[in-house]
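Worksheet: one structure, shown below.
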Amino acid sequence: MRECFCPVCEAIRTVEFGSRAETLPVRGVDVEIEAEFSRCTVCGEEFADAESMDRTLQAAYAGYRHKLGILSPDEIRAIRARYGVSQKAFGLILGFGELTINSYESGSLPTEANNNLIKLVRHPETFKELFGSNKDKIGPTQRKRIETALTCAEASAKKPECVAERAPGYGCEEPRASEFTGFMQPDKKKLFRLIVAVLFLSGAKLYKTQINKLLFYSEFAHFRDRTVPISGWPFAAIDYGPVPDDFQILLGEGEKEGFFRSEPDSTQLGELFSIAEGVNPGTITDSFSDAELATIKTVVAKLGRKSASELTRLSHAERAWKETPRAKRISYEFAKDIVAV
């Protein structure tokens, strides 16, 4: 409870907060959301203040984006940042108005056509073509910066090499954004938190193979449904199925930094992983967005009880593994064909 102005009493009153399921139309699409409201403890009337109305609107927009695959402001910002381009220049390159990108990154909903075009320029070759047609509209300093970033993006996209089996001890560098990272800059610490979340939600110690597969399905399912992965870490195809690139080094680093720990399992002659002492899994899971956490929960609910061999067999049925050469990185473009979740 708190005190605020009641528009019915026209006075400062103590109010209670609540929420209820509602369906709101957004551009002709019905979206189910949890609408917030306040209830005056004196007159009993319900009302919504400006902040609650804004949160409800943003929730409706988020639901609309999810239903239609519309990019979020953060996703648009990440695509633009990949090419080192300003909001105004990005809009000019795409043929939009000068302020269009600013409005999208501030929360406005893109039209379906504009959304699809922004998705297309995640591919460097598409952006390069549009940039070539419109670069005369941009100043020389901005052009130079874009050309440099574009060169890096093209080189990264054409380099699917995998060092997944590299010996531990060299350190694990964060790769650049490319089709192998879901077109975002990978976040190693977020991947460590994802491992903690998977361990917590599964309620059991897990073998390395189980963790690798649950990470793969979490990242690729989220990219399929939200057009952006969770951590953006690249995965490679090896004989045992998809694994995080540099997974041996990666797990060693995560254990060293205190996210999780491993112990030998004498029965299976393997390693079992669990959450490290002192780690609060609730705090870790709270660090994910609602959409990310929903994806992780879905994956763990469907696959978390399966054995390592069962998960390996499932992953071998995926196009992502079957059509990627061994020891090469897997393109997130295969996410649309994921079938296990």
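The values are calculated or read from the model by the stated rules, or taken from the named source; none is laboratory data. Because the structure is a prediction, the values reported are computed rather than measured. Glycine also receives a Cβ, built like all others from the backbone with ideal geometry; neighbour counts cover every protein chain displayed.
Only one of the numbered conditions (1) in contact with a Lys or Arg (Cβ under 9 Å, 6 or more places away or on another chain); (2) among the small types (Gly, Ala, Ser); (3) at pLDDT below 95 is not met by Ser307, and that is (1). Which residue out of Cys4, Cys9 is hydrophobic (A, V, I, L, M, F, W, C) and touching a Cys at 6+ places or on another chain (Cβ under 6 Å)? From the options Cys4, Cys9, the qualifying one is Cys9. When the stretch 199-221 is filtered for residues that are aromatic (Phe, Trp, Tyr) and either outside any helix (DSSP H, G or I) or not assigned by TED's automatic domain parsing to the domain that holds Ala276 (or both), only Tyr207 remains. Scanning the stretch 222-249 for residues that are surrounded by fewer than 24 Cβ atoms within 10 Å (Cβ to Cβ), of a type in the set (A, V, I, L, M) and not in a strand (DSSP E or B) yields Val228, Ile249.
Cβ-Cβ distances below 7 Å connect the following pairs, each with a first residue in the stretch 234-245 that is more than 18 Å from Phe183 (Cα to Cα), a second residue that is among the hydroxyl-bearing types (Ser, Thr, Tyr), and a separation of six or more residues or different chains: Ala237/Thr324; Tyr240/Thr209; Tyr240/Thr312; Gly241/Thr312; Gly241/Ser315; Pro242/Ser315. When Tyr83, Tyr64 are checked against the criterion of being surrounded by 14 or more Cβ atoms within 10 Å (Cβ to Cβ), out of contact with any strand residue (DSSP E or B) (no Cβ under 9 Å at 6 or more places or on another chain) and at negative phi, a single residue qualifies: Tyr83. Scanning the stretch 303-325 for residues that are within 18 Å of Val198 (Cβ to Cβ) and surrounded by 15 or more Cβ atoms within 10 Å (Cβ to Cβ) gives Leu303, Gly304, Lys306, Ala308, Leu311, Thr312, Leu314, Ser315. Residue pairs whose Cβ atoms lie under 6 Å apart, separated by 6 or more positions or on different chains, with the first residue in the stretch 146-157 and on the phi < 0 side of the Ramachandran plot and surrounded by 14 or more Cβ atoms within 10 Å (Cβ to Cβ) and the second modelled with pLDDT under 75 and among the basic types (Lys, Arg), are Ser156/Arg176. All conditions but one from (1) at pLDDT 95 or above; (2) surrounded by fewer than 24 Cβ atoms within 10 Å (Cβ to Cβ); (3) of a type in the set (D, E, K, R) apply to Glu219; the one that does not is (2). Screening Gly63 on (1) touching a residue at least 12 places away in the same chain (Cβ under 8 Å); (2) outside any strand (DSSP E or B); (3) over 31 Å from the mean Cα position of the chain (by Cα) shows it passes everything except condition (3). In summary, helices (runs of 4 or more DSSP H) completely within the stretch 75-153 and bearing 3 or more residues that are over 22 Å from the mean Cα position of the chain (by Cα) occur at 87-94, 124-134. Restricting the stretch 313-338 to residues that are among the small types (Gly, Ala, Ser), more than 16 Å from the chain's Cα centre (by Cα) and in a helix (DSSP H, G or I) leaves a set whose member that is farthest from Arg224 (Cα to Cα) is Ser315.
Examine the stretch 124-131 for a residue that is within 17 Å of Ala149 (Cβ to Cβ), hydroxyl-bearing (Ser, Thr, Tyr) and surrounded by fewer than 16 Cβ atoms within 10 Å (Cβ to Cβ), and state whether such a residue exists. Within the stretch 124-131, one or more residues are within 17 Å of Ala149 (Cβ to Cβ), hydroxyl-bearing (Ser, Thr, Tyr) and surrounded by fewer than 16 Cβ atoms within 10 Å (Cβ to Cβ). Going by the structure shown, is Ala59 among the small types (Gly, Ala, Ser), touching a helix residue (DSSP H, G or I) at 6+ places or on another chain (Cβ under 6 Å) and surrounded by 19 or more Cβ atoms within 10 Å (Cβ to Cβ)? It is false that Ala59 is among the small types (Gly, Ala, Ser), touching a helix residue (DSSP H, G or I) at 6+ places or on another chain (Cβ under 6 Å) and surrounded by 19 or more Cβ atoms within 10 Å (Cβ to Cβ).
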